[in-house]
Amino acid sequence: MFELWYGIVSVMLAAYVVLDGFDLGAGALHLLVARNDRERRTVLAAIGPFWDANEVWLLAAGGALFVAFPRALSAGLSGFYLAIFLVLWSLILRGVAIEFRSHVGDRLWRGFWDVVFSIASALLPVLFGAALGNLIRGVPLTHDGWFQLTLFTTFQPHDPVGTLDWYTVLAGVFSLVTLTGHGALYLFWRASGPVGERARLMGTRLYILLAVLWPVTTLATAAVNHDLLAVLPHRPLALVGLVLALAGMVGVFVSGARKSAGAAFIASSAFITGMLVATAGCLYPVMLRSTTDPALSITAQNAGASPAGLHTALGWWVIGFPIVIGYFVLLFRLHRSKAVAAEDGEGY
């Protein structure tokens, strides 16, 4: 049951990264791919039907952690206190910027909220990537299962560690490049006019950069957490994830060369999903790795709720998850055509 819920949480987090990732990437790039107010509203029209629904996956994943692994969630929330507040403020400012920019037609007003939207959208992938880097590197867990991190210490990924060091910053940069590339390919698929063409060129360039960063980040991960890649050959699911990521990377370039927008976006989604599956498969059963003593690590087994509670929660999840999937299928079907900016005063 612990393995199943570890998989459920991983699936929901992967869904969040893939779905909210494209509108985070689009937001981070929108000042580059859109040159005027109408083009910026085209970007907002492309993500408008989806962005708030996509964020619900983050809440759902947090709820699954609360139900299945309360000890891991409580330790993580307290240890990453500052980082979580930065995430919350970025999410709030991003939503406010989307809703407020068109309330006033003044150029300065709209320009201000466009910059806020772009910065908040770019900051979130960096924060999420750095958080994943912390989980891979490890945190200084004490014997009672808690930890506390300063923002940075020696900037080295060994004790005494901070939230930021060269590895977690690299992970944040890798995440930013990945999701901006993903967002660019989404805009290539969904945005009309010159925005879509600029997004295609931007997506290709970002994925070229990503192809260089991927092996660099992998080597850095091997240096920081020797066990992670050592177990890869013995984890079939992680190997499947790696193959999926490789296929996604190749698919992005092939589809981009053919100007097949939908296929390029699907390939980008496959790359991200594969990377997360491979990472989760190699990390299992560890949820919070201890840098002080491996025996102190919080795992799926010692952080899990009671079997009775997990069985009850699974019953509700089996009912709710297909409904959510159906909702998203319907949502994408209803908004499957190219996005066009609404007339000024009638929408984004």
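Residues are listed down the side, and each one gets a yes or a no for (1) under 25 Å from ALA14 (Cβ atoms); (2) part of a helix (DSSP H, G or I); (3) in contact (Cβ under 8 Å) with a residue 12 or more places away in the chain:
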| residue | (1), (2), (3) |
| --- | --- |
| THR150 | no, no, yes |
| LEU201 | no, yes, no |
| LEU206 | yes, yes, yes |
| THR217 | yes, yes, yes |
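Taking region 152-171 as the range and being part of a loop (DSSP other than H, G, I, E, B) and either surrounded by 19 or more Cβ atoms within 10 Å (Cβ to Cβ) or charged (D, E, K, R) (or both) as the test, the residues that pass are PRO157, ASP159, VAL161, THR163, ASP165. Taking into account only those residues within region 64-101 that are under 23 Å from ASP144 (Cα atoms) and among the polar types (S, T, N, Q), which is surrounded by the fewest Cβ atoms within 10 Å (Cβ to Cβ)? Here the residue is SER78. Evaluate the following for ALA211: is it surrounded by fewer than 17 Cβ atoms within 10 Å (Cβ to Cβ), part of a helix (DSSP H, G or I) and not basic (Lys, Arg)? Yes; evaluated as a whole, the condition is true for this residue. When LEU185 is tested against the conditions (1) within 23 Å of SER10 (Cα to Cα); (2) in contact (Cβ under 8 Å) with a residue 24 or more places away in the chain; (3) within 20 Å of the chain's Cα centre (by Cα), the lone failure is (1). For ARG289, the requirement of being at pLDDT below 95, charged (D, E, K, R) and farther than 30 Å from THR204 by Cβ is met.
For region 185-240, name all the residues that are over 30 Å from GLY48 (Cβ atoms) and of a type in the set (Asp, Glu). The one that is over 30 Å from GLY48 (Cβ atoms) and of a type in the set (Asp, Glu): ASP227. One residue alone among ALA264, ALA247 is buried (at least 20 other Cβ atoms within 10 Å of the Cβ), of a type outside the set (Lys, Arg) and assigned to a helix (DSSP H, G or I), and that residue is ALA264.
Of the residues LEU58, LEU32, which is surrounded by fewer than 19 Cβ atoms within 10 Å (Cβ to Cβ) and either in contact with a strand residue (DSSP E or B) (Cβ under 8 Å, 6 or more places away or on another chain) or not small (Gly, Ala, Ser) (or both)? First the steps, then the outcome.
Numbers: LEU58 fails: surrounded by fewer than 19 Cβ atoms within 10 Å (Cβ to Cβ).
After ruling out the rest, the residue left standing is LEU32.
The set of residues in region 267-290 being among the hydroxyl-bearing types (Ser, Thr, Tyr), within 21 Å of THR163 (Cα to Cα) and either in contact with a helix residue (DSSP H, G or I) (Cβ under 6 Å, 6 or more places away or on another chain) or surrounded by fewer than 20 Cβ atoms within 10 Å (Cβ to Cβ) (or both) consists of SER290 alone.
The values are calculated or read from the model by the stated rules, or taken from the named source; none is laboratory data. Fair warning: this is a prediction, and the values are worked out from it, not measured in the lab. Glycine also receives a Cβ, built like all others from the backbone with ideal geometry; neighbour counts cover every protein chain displayed.
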